Amino acid sequence: MSGETWWQKAIHADRRPFLLARGAVRRALSAWFEAEGFLEVECAALQVSPGNETHLHAFATEFRTDDGAVSPLYLHTSPEFAAKKLLAAGETRIVDFARVFRNREAGPLHSPEFTMVEWYRTGADLGRIMADSVALCREAMKASGRAEFSWKGMTCDPMAEAEHLTLFEAFERYAGIDLEALLDDRAGFLAAARNAGIGVVDDASWSDIFSAVLVSKIEPRLGEGRLTLLQRYPVCEAALARACPDDKRFAERFELYACGVELANGFHELTDPVEQRARFEADMALKQDLYGETYPIDEDFLAALAQMPDASGVALGFDRLVVLAAGARSIRDVIWTPVNT
């Protein structure tokens, strides 16, 4: 429960089995990455930019020198910018069990501070990192000692063959919406969403409508019985992924689901700094319109991107994975010292 006194002995004793499961899953994942030849790195949490995605919100701070000069800094929402600089520096397989920070996020599966497992393979395609993601879920399941993932009455067997589903297929199957016909039709998309019973405000952007349909109609149905890999996102919904070679309207991005819960988000990484800057600027313009704030663009990151090799990477919510693997009741059960919100 939000605001509970987690350090009381009875409360801690109640949570302790889930915390022990966290340790078992952590060791299993570390062993898997080591066997795969990954180098475990530790990216700095303080960055000049926390990330430039429209709907991610950061914690701001500042660095003060002895002479009083002030430089704004942010706690990162992901280790992505720093990790890609390491790829530009010559690393080829890296993983970070990173503590990351996101403002405006709290709930049964959200915490303002949490652990993200983020890994990159140079020379790898999307299929390779999707296979990684499934393998890690299986390792977590074995480490937990349980037979299946569970959450809110849903179950998922990660040992079963994973389902591959495109956004087109998911929107048609679960919302009755022809997404392809509406890629450039905000008004038509709005009408289709409302016809599907989704409440959307009149001035909602195309991305807002997309998110509303995804969250209300599609995500709750994914990963039931087996893992679901959702892929081929509209390029406007994949700020750091390269476009699909066969159709530039879509990006080489996937998300992994179990029990209706998003566990991982992966990209075949964009390495064009000009295109990346344009996407960042567009996202920050929208962020200004929606939230009245923007974050700076990390020019050092764009410079590194020009030297970064072809690579694919994934961000996986470690705490969520443990929740499902251990059968926990909320993310607070699996965080040793949860933040009271």
Keeping to region 195-227, report how many residues are in a loop (DSSP other than H, G, I, E, B) and in contact (Cβ under 8 Å) with a residue 60 or more places away in the chain.
-> 5
Have a look at R173, R146 and point out the one that is surrounded by fewer than 15 Cβ atoms within 10 Å (Cβ to Cβ) and more than 18 Å from the chain's Cα centre (by Cα).
-> R173
Would you point out which residue out of D157, D178, D184 is under 22 Å from the mean Cα position of the chain (by Cα) and among the charged types (D, E, K, R)?
-> D157
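To keep it simple, each residue is scored yes or no on (1) under 18 Å from N103 (Cα atoms); (2) under 21 Å from the mean Cα position of the chain (by Cα); (3) outside any helix (DSSP H, G or I).
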site: M284; (1), (2), (3): yes, yes, no
site: Y295; (1), (2), (3): yes, yes, yes
site: D300; (1), (2), (3): no, no, no
site: M308; (1), (2), (3): no, no, yes
site: V322; (1), (2), (3): no, yes, no
site: A328; (1), (2), (3): no, yes, yes
Would you tally the residues in region 192-229 being at negative phi, among the small types (G, A, S) and surrounded by 14 or more Cβ atoms within 10 Å (Cβ to Cβ)?
-> 9
Quick one: is L290 at pLDDT below 95 and out of contact with any strand residue (DSSP E or B) (no Cβ under 8 Å at 6 or more places or on another chain)?
-> yes
Within region 65-81, restricting to residues that are in contact with a Pro (Cβ under 6 Å, 6 or more places away or on another chain) and of a type in the set (S, T, Y), the one that is surrounded by the most Cβ atoms within 10 Å (Cβ to Cβ) is T77
Checking R104, R146 in turn, the sole residue that is modelled with pLDDT under 95, among the basic types (K, R) and part of a loop (DSSP other than H, G, I, E, B) turns out to be R104
In region 24-55, the residues that are in a loop (DSSP other than H, G, I, E, B), among the β-branched types (V, I, T) and touching a residue at least 60 places away in the same chain (Cβ under 8 Å) = V48, T54
The number of residues in region 236-284 that are more than 25 Å from T122 (Cβ to Cβ) and touching a residue at least 40 places away in the same chain (Cβ under 8 Å) is 8
Determine the pairs where a residue that is more than 18 Å from E34 (Cα to Cα) and in contact (Cβ under 8 Å) with a residue 40 or more places away in the chain, located within region 75-94, has a partner that is assigned to a helix (DSSP H, G or I) and among the small types (G, A, S) with Cβ atoms under 7 Å apart, the partner being 6 or more residues away or on another chain.
-> K84/A304; K85/A304; A88/A304
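The values are calculated or read from the model by the stated rules, or taken from the named source; none is laboratory data. Note that the coordinates shown come from a computational prediction; the quantities given were computed from them, not determined experimentally. Counting neighbours? That spans all protein chains shown, and the Cβs are built from the backbone with ideal geometry, glycine included.
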